[in-house]
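Visitor: There's a structure below that I have some questions on.
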Amino acid sequence: MTSAPLTSTRPSDAERDRALAILRDGAGSGRLSHDTFIRRMNFVLGAQSRGELASVVEDLPRQEPRLKAFARQVRARTKRLEVWRRLEDVLGIPLAPRELPVVPVQSLALPPAGSPTVRVGRGDGATLRLADISVSRCHAELRHVGDGWMVRDLGSMNGTEHNGRRITTPVRVRPGDQLSFGAVAFILTWSDEAGA
């Protein structure tokens, strides 16, 4: 018993759906008139073989495979980025998005015991005033309690981190700890008067 050629086998529903999608794209792009689209759609729905189905859409472009479409989009975006960079060179101003520069971690000396509370923020009332936009006006405070220092966030938008963890309650701090107020990070040290 010999098998029938692949083009003479009955098309599946999925194959009919793909052919209809190609016809819809053809009508949407103006390649097919409304009457031609209706006539071909009826032919697709009544096609008895894969060969008949293929003949209906052979003059229309096929849908692009996903990988090929993705590669084309990546190439287009890369070219756009190159155009922006060239335009930047001509105008002398940055236009394309840039990665933020890494801000080096600075040291922050803890005041001597008995010193008043240190308020951290961008506002006028801050003792430690930080001009970074990620720092709230009233961001946090360092307070001497008992025999050490505590840090407390004051409901800031970008939070206060102690050794990489965002704090929600007052936390004891020591020299060597890292404190971040928004995007501004400090390593705590002792002041000369405080001693080790």
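Any read-out appearing in this document is the output of simple, stated calculations on the displayed coordinates, not a laboratory observation. Here the structure is a predicted model, which means the values were calculated and not measured. Positions of Cβ are generated from backbone atoms using ideal geometry, with glycine treated the same way; all protein chains shown enter the neighbour counts.
Visitor: To check you understand DSSP bridge types, tell me what percent of the beta bridges within the range 106-190 (both residues inside) are antiparallel, rounded to 5.
Guide: Values: 21 of 28 bridges.
So the antiparallel bridges in the range 106-190 amount to around 75 percent.
Visitor: Extending each Cα 7 Å along its Cβ direction at residue 113 and residue 165, get the distance between those two points in nm, one decimal.
Guide: The modelled label-to-label distance comes out at 2.7 nm.
Visitor: Full-extension gain between residue 79 and residue 150, please, as 0.36 nm times their residue separation minus the C-alpha to C-alpha distance. Numbers along the way, then the final one.
Guide: Working: separation 71, 0.36 × 71 = 25.56 nm, distance 5.18 nm.
Extra length available between residue 79 and residue 150 comes to 20.4 nm.
Visitor: What number comes out for the charge environment of residue 140, summing +1 per Lys or Arg and -1 per Asp or Glu over other residues with Cβ under 12 Å away? Working shown, then result.
Guide: Numbers: positive: 119, 122, 137, 143, 152, 166; negative: 141, 153, 161.
Value of the local net charge: +3.
Visitor: Still on this structure: By the gyration tensor of its Cα atoms, with a ≥ b ≥ c the square roots of the eigenvalues, what is the shape of the range 123-165: rounded for a/c under 1.5, prolate for a/b over b/c, or oblate?
Guide: Working: a/c = 2.38, a/b = 1.40, b/c = 1.71.
Oblate is the answer for the range 123-165, as a/c is 1.5 or above yet b/c matches or exceeds a/b.
Visitor: To continue, here is another question. With the crude spin-label approximation of a point 7 Å out along Cα→Cβ, what separation in nm comes out for residue 143 versus residue 42?
Guide: So the label points at residue 143 and residue 42 sit 8.4 nm apart.
Visitor: Between residue 69 and residue 172, what is the label-point separation in nm under the 7 Å Cα-to-beta-carbon projection?
Guide: If labels sit at residue 172 and residue 69, their model points lie 6.0 nm apart.
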